[in-house]
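Notes follow the structure.
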Amino acid sequence: MTPDPIQTPQDDELVRKRLNRSFAATLVNQAVAFVSAFLLQFVASRKWGADVYFDWSIIISVPAYLTLGDMGFGTATVSEITQLMGRGDKARAKAIYQSTWLTVTVITVAIALLMLVVLPFFDAERILKLTATPRWEAQIVIAVFGLNALLSQQGTFILAGYQTEHHFSRYQYTQSIQRALETIVLLIGVSLPPHMVWLAIAVLASRLLVYSVSTWDMWRINTWLRPGYKHFDRDIAVKMMRPAFFITVYSGASILSVEGFAQALALATGAATGGVLASSRKLARVSNQVVGGLGFSTAVEFSRMYGAGEITRARALILSTTQRAFWIAVCFLPLMMVVGPPFYHFWTKTKTIDLWSLTAMLLAAVFNSIWSPLAAGLLSINRTAKASTAYVLTMFGCCVATFFVAQRFGIEGAATLMAAAEVAMITVIVPTGCHLLEMKPSAFLLQVTRPPDRLKAWLTRDPKG
């Protein structure tokens, strides 16, 4: 391994500023998503009723799997181009961008046509055990949200344009605007008599509007990266298939992690119970949103550093990020244990959540904070083969187990399996990432679980002083 290039204080200051801007923008995006989720359920469960809203929640979770429609090419492209820009190779970055964009566009159109052919035969009312929504309405909502999910594949290419010009934070702000606009549309929709189809169409229209404006803004900033076929290279497209495949596997596992447990519980005990788990998990996922924001914003700079051969700096960045993520999750646990149950009861009007389930979900968030920033780093440099395989097998296995366990233990069993899945991921991701960063897993775990200097100083302060 060649030594890291000599860095100046100015270089470190620029990186620090970009990290702060990226984290702030990502945090705003996560905050908008958090507020939107709680506000929407608060209004919808009162206006539509719990049965209709829980049907809606389960129905719109199905098209989430269509976000895999780009087969991982979009994310792989962003990761590869970011590394290339760390080395200043703009020509190859342009070739990769157009080669993968054309591939994704063709795949997306094909999946959209296939979805429209297959969907009429999908009995959503029976399979999802819906209680207040007819089959035809569920099918149309799935189709519209499916098109919405497929449209989102173009978002990664918008991100690539922003990111190559050091404007990752700007992209995150456009995502915040999109979430806010969709939330306004949804709040207006759920305030009216239930009409899921028109509401789904309105959400799709709002996304089309934001994507059009953000594409124009990205092209204004980035004058050299454009979709097209002029620089298409079949060999590059073929070479990108391997990282793209494993990113698709990783994304599928992430969707299983977020949606799969509630869906398995719904299949075992009904949509209403699955909806309760999906809504209660949002309390535990608040810390996941912050942790995810840290990992997301750090991965951009990690990719640049690793691409430029700056392994020492990349390792230090991941260590400090994971340490912050872990202690955020740890400090959040007792807070939510106190305020979570009464807030959830107020938020859902009549529902309650038992202490065991909430504790298990909060512990799952703590365990997740140990491995997820490291996984984000691996994802940003297209090194996800082992991690992706382990992730999808773990989540799929735990979701299948949830279906059987929930029939006897209900939500408590599902929440316990969530925590067990996160522990299993630590045993896989940490050794894999540490091998890449040239350090021992035990040293990594000791470093990231050690209190940060500021927290240590506060804990050891003299109360009389």
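The values are calculated or read from the model by the stated rules, or taken from the named source; none is laboratory data. Bear in mind that the values here come from a model prediction, so they are computed numbers and not experimental data. Glycine gets a Cβ as well: all are built from the backbone with ideal geometry, and neighbour counts include every protein chain shown. Ligands, DNA and RNA are stripped out before the accessible areas are found, and what is left, the full protein with its side chains, is counted by its heavy atoms. Shrake-Rupley method; radii C 1.70, N 1.55, O 1.52, S 1.80 Å.
For the stretch 211-241, which residues satisfy the criterion of being open to solvent by 80 Å² or more (accessible area, probe 1.4 Å) and closer than 13 Å to residue 74 by Cα?
Scanning the stretch 211-241 gives a single hit, 241.
List the pairs whose first member sits in the stretch 157-184 and is farther than 18 Å from residue 14 by Cβ and of a type in the set (Lys, Arg), whose second member is open to solvent by 10 Å² or more (accessible area, probe 1.4 Å) and outside any helix (DSSP H, G or I), and whose Cβ atoms are under 9 Å apart, counting only residues at least 6 apart or on separate chains?
Within 9 Å, no pair qualifies.
Kindly establish whether residue 78 is of a type in the set (Val, Ile, Thr), over 25 Å from residue 296 (Cα atoms) and either open to solvent by less than 40 Å² (accessible area, probe 1.4 Å) or without any contact (Cβ under 8 Å) to a residue 12 or more places away in the chain (or both). Give the steps one after another, and end with the answer.
Details: of a type in the set (Val, Ile, Thr): yes; over 25 Å from residue 296 (Cα atoms): no; either open to solvent by less than 40 Å² (accessible area, probe 1.4 Å) or without any contact (Cβ under 8 Å) to a residue 12 or more places away in the chain (or both): yes.
Taking the combined requirement at face value, the residue does not satisfy it.
Those residues that are modelled with pLDDT under 80 and either surrounded by 20 or more Cβ atoms within 10 Å (Cβ to Cβ) or not in a helix (DSSP H, G or I) (or both), I need them from the stretch 86-105; list them, please. Outline the logic, then answer.
To start, the set of residues in the stretch 86-105 that are modelled with pLDDT under 80 comprises 86-88.
Residue satisfying the conditions is 88 alone.
Among the residues of the stretch 190-203, is there at least one that is surrounded by fewer than 23 Cβ atoms within 10 Å (Cβ to Cβ), under 19 Å from the mean Cα position of the chain (by Cα) and part of a helix (DSSP H, G or I)?
Within the stretch 190-203, not a single residue is surrounded by fewer than 23 Cβ atoms within 10 Å (Cβ to Cβ), under 19 Å from the mean Cα position of the chain (by Cα) and part of a helix (DSSP H, G or I).
What are the residues in the stretch 354-374 that are open to solvent by 20 Å² or more (accessible area, probe 1.4 Å) and hydroxyl-bearing (Ser, Thr, Tyr), if any?
Hits for the stretch 354-374 are 359, 372.
Looking at the stretch 275-283, is at least one residue out of contact with any Leu (no Cβ under 8 Å at 6 or more places or on another chain), open to solvent by less than 10 Å² (accessible area, probe 1.4 Å), part of a helix (DSSP H, G or I) and modelled with pLDDT under 75?
Initially, the stretch 275-283 is screened for residues out of contact with any Leu (no Cβ under 8 Å at 6 or more places or on another chain), giving 275-276, 278-279, 281-282.
Within this subset, residues satisfying the condition of being open to solvent by less than 10 Å² (accessible area, probe 1.4 Å) are 275, 279.
Applying the additional criterion that residues be part of a helix (DSSP H, G or I) yields 275, 279.
Filter once more, keeping what is modelled with pLDDT under 75: 275, 279.
Among the residues of the stretch 275-283, at least one is out of contact with any Leu (no Cβ under 8 Å at 6 or more places or on another chain), open to solvent by less than 10 Å² (accessible area, probe 1.4 Å), part of a helix (DSSP H, G or I) and modelled with pLDDT under 75, which makes the answer yes.
Would you please name the residue that is modelled with the lowest pLDDT, looking only at residues in the stretch 15-42 that are surrounded by 13 or more Cβ atoms within 10 Å (Cβ to Cβ) and over 22 Å from residue 180 (Cβ atoms)?
Among those residues, the one meeting the criterion is 15.
Could we say that residue 400 is part of a helix (DSSP H, G or I) and within 29 Å of residue 447 (Cβ to Cβ) here?
So residue 400 fails the test.
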